[in-house]
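No value in this document is a laboratory result; all are computed from the given coordinates. What you are looking at is a predicted structure, and each value in this text was computed from that prediction instead of being measured. Because the Cβ atoms are built from the backbone with ideal geometry, glycine has one as well, and the counts that use them run over all protein chains shown.
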Amino acid sequence: MTENTASTPGKLAIIVLAAGQGTRMKSRRPKVLHEIGGRSLVGHVLTTAHALGADHIEVVVRHERDQVVAALAEQHPDAVIVDQDEIPGTGRAVQVALDRLPDDFDGDVLVLSGDVPLLQADTLRTLLEGHRAASAAATVLSAYLDDPTGYGRVIRGADGVVERIVEQKDATDDERAVTEINAGVYVFRATALRTFITRIGQDNAQGEMYLTDVIGLLRAASEPVAAEPASDVASTFGVNDRAQLAEAGRVLNQRIVRNWQREGVTIVDPATTWIDDDAKLAADVTILPNTQILRATVIGPGATIGPDTTLVDCEVGEDAVVRRSDATLAVIGANATVGPFSFLRPGTVLGEGGKIGAYVETKNAQIGEGSKVPHLSYVGDATIGRGVNLGASTITANYDDVNKHRTEIGDEVHTGSHTVLVAPVRLGAGAKTGAGAVVRKDVPAGALAMSVAPQRNIEGWVEKNRAGTGAADAAARERSAE
Ligand code: UD1
Ligand code: CA
């Protein structure tokens, strides 16, 4: 053993590895920015890192570094970015990160992989405690997998002591038969890591500096090394390709769904319900099949969502009902109803007890308390008062080919079917429009707006102009029967 047996108690640095190319994803997007549960893979890792609390958090980047850095700057501005050079491998990544820690840092270094997104802070706390209790130089988080293909294997000696880690590509058949895998997550005593990381080479199947080689080197120097199998195997899943991305997404979703069920949410079909990490659901919410509750959506108590509904960044009030609909950045008031087949675009605010019904599209529209847009309408750039009823197929013509204009509708206005409101236009409180009205001028409070010319019937037109057609024959039959 070297002289550095003790580390400063409790001091922790976290290094997140996010510089790899992610070749197996076959993607323009860097692997660690692919998302599950509405958050990037590396975002999940950093969220966990923050939950753990550390004196230093570093993220190592290289491949598409600007994209990764921009994404991190938004969500985790306090993480220190470290650039890896052209020397490849997880060992090199840790080397450059170590160089950026203060020279006198002598605590523990927790290394996390940016592509192992499901780990939870509790698992890491247990790992850290075990590591500290054993005064180990390194502790590897491992897992027993039925199919360990692709992972590094933990090789133990006859006495069960960890000897080294061997990568799939460098392993013998016997080593490949080992089912204990390296999760890509480790705690190192900083002083030991500093010493041994300089001794790894690139003499392996991938020509990379493997961080995993540090384990064998420590062991050869009789430093205490351990591997702690995770109790929750699924949390160690690494994402290298799209199939693993989907699988990790499914595991995360299962976890989120179960959490909300425990909080009193009814989720009828967990397999077809997708809830993002940031979404919040109150007790007695019911989620029907094929529903996605995405991003920072918040759902109030007793609301029913679905089936076949997607909500992105929405706010849904108490006891509201949203079925078979799609909404983004919309606010749906308490007791309001939406759907079926409604499309709520950003800026839609539906008041308490209001209704957006079948085949209605809304955008940037404030719809007052108890107001209804029941059928086949487009409502864009509009302010609508309380107790309004827009007749079927009422349309706000908000776009004159150059600019967007607003429509203002006062309280208790009722429009006739197929009214076109040519913006900018204002309907005063209590106003009404006739069916088919094209409203180009403001309508004063309490007025009835009619714009359709009186109807004129030209008798016998069909028989004269369409002789011999089914319509002409039918008309002749009806007239002779009169
Ligand atoms: C790595 C481990 C393997 C383990 C597996 C767990 C090594 C050599 N192998 O393999 O034992 O079972 O993770 O998931 O460590 N990265 C860098 N710089 C690089 C290369 C990679 O920062 O030069 C980052 C990647 O962005 C990724 C992580 O390190 O987040 C792991 O790299 P990856 O290439 O996916 O390693 P694996 O082959 O999965
Ligand atoms: Ca990996």
What is the spin-label model distance, in nm, from Phe341 to Ser417 if the labels are put 7 Å beyond Cα along the C-beta direction? 1.6 nm
Note the angle between two axes, namely the Cα long axis of helix 90-100 and the longest principal axis of the Cα atoms of the chain, as a number of degrees from 0 to 90, rounded to the nearest 10. 90 degrees
Checked region 319-395 against the a/c 1.5 cut and the a/b vs b/c comparison, axes a ≥ b ≥ c from its Cα gyration tensor; verdict rounded
Going toward the positive end of the dipole of region 256-449, with +1 on Lys and Arg Cβ and -1 on Asp and Glu Cβ, which of Leu390, Val265, Val285 do you reach last? Leu390
Do you know the relative contact order of region 120-192, to the nearest whole percent, from alpha carbon pairs under 8 angstrom that are 6+ apart? 39 percent
Per the 1/(1 + (r/R0)^6) rule, R0 = 51 Å and r from the Cβ atoms of Glu459 and Thr47, FRET efficiency to 0.05 is 0.10
At q = 0.16 Å⁻¹, what log₁₀ I(q)/I(0) does region 344-472 have when each alpha carbon counts as one equal point scatterer in the Debye sum? -0.70
Inter-site label distance for Asp106 and Arg477 at 7 Å from Cα along Cβ, in nm: 10.3 nm
Using only the alpha-carbon atoms, how far is helix 470-481 inclined from the longest principal axis of the chain? Give it as 0 to 90 degrees, nearest 10. 40 degrees
From zero up to wherever the largest Cα-Cα distance of region 12-236 sits, split into 10 Å bins and tell me the percent of pairs in each. 8, 35, 40, 15, 1
Going by a ≥ b ≥ c, the root eigenvalues of the Cα gyration tensor, does region 256-449 fall in the rounded group (a/c under 1.5), the prolate group (a/b larger than b/c) or the oblate group? prolate
Once Ala435 and Thr383 are pulled to full extension, the length gained, defined as 0.36 nm per residue separation minus their Cα-Cα distance, is 16.6 nm
Spin-label point model (7 Å from Cα, Cβ direction): what's the Ala358 to Arg65 distance in nm? 5.8 nm
Principal axes first, then extents: for the Cα atoms of region 95-202, list largest minus smallest coordinate on each axis, whole Å, largest first. 43, 33, 31
In whole Å, what is the distance between the alpha-carbon centres of region 58-119 and region 226-303? 28 Å
Helix 121-133: angle to the longest alpha-carbon principal axis of the chain, degrees 0 to 90, nearest 10? 10 degrees
Dipole size in debye (nearest 20) for the chain around its Cα centre, Lys and Arg Cβ +1, Asp and Glu Cβ -1? 1820 debye
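Can you check what the Kirkwood hydrodynamic radius comes to for the chain, Cα pairs only, in Å to one decimal? Before the final figure, lay out the partial values.
Details: mean 1/r = 0.0375 Å⁻¹.
Here the Kirkwood hydrodynamic radius works out to 26.7 Å.
Express in nm, to one decimal, how much length is gained between Asp400 and Ala133 on full extension, taking 0.36 nm for each residue of separation and deducting their alpha carbon distance.
Numbers: separation 267, 0.36 × 267 = 96.12 nm, distance 7.21 nm.
Once the chain is fully extended between Asp400 and Ala133, it gains 88.9 nm.
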Cβ-based charge dipole, the chain, positive-most Cα from Ile165, Ala49, Thr337: Thr337
Place a +1 charge on the Cβ of each Lys and Arg in region 256-449 and a -1 charge on the Cβ of each Asp and Glu, then give the dipole magnitude about the Cα centre in debye, rounded to the nearest 20. 500 debye
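Stretch Asp55-Ala243 to full length: gain in nm at 0.36 nm per residue minus the Cα-Cα span?
Values: separation 188, 0.36 × 188 = 67.68 nm, distance 3.53 nm.
Contour length minus the Cα-Cα distance gives 64.1 nm.
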Work out the charge dipole of the chain with +1 on the Cβ of Lys and Arg and -1 on the Cβ of Asp and Glu about the Cα centre, then indicate which of Ser27, Leu294, Leu119 is farthest towards its positive end. Leu294
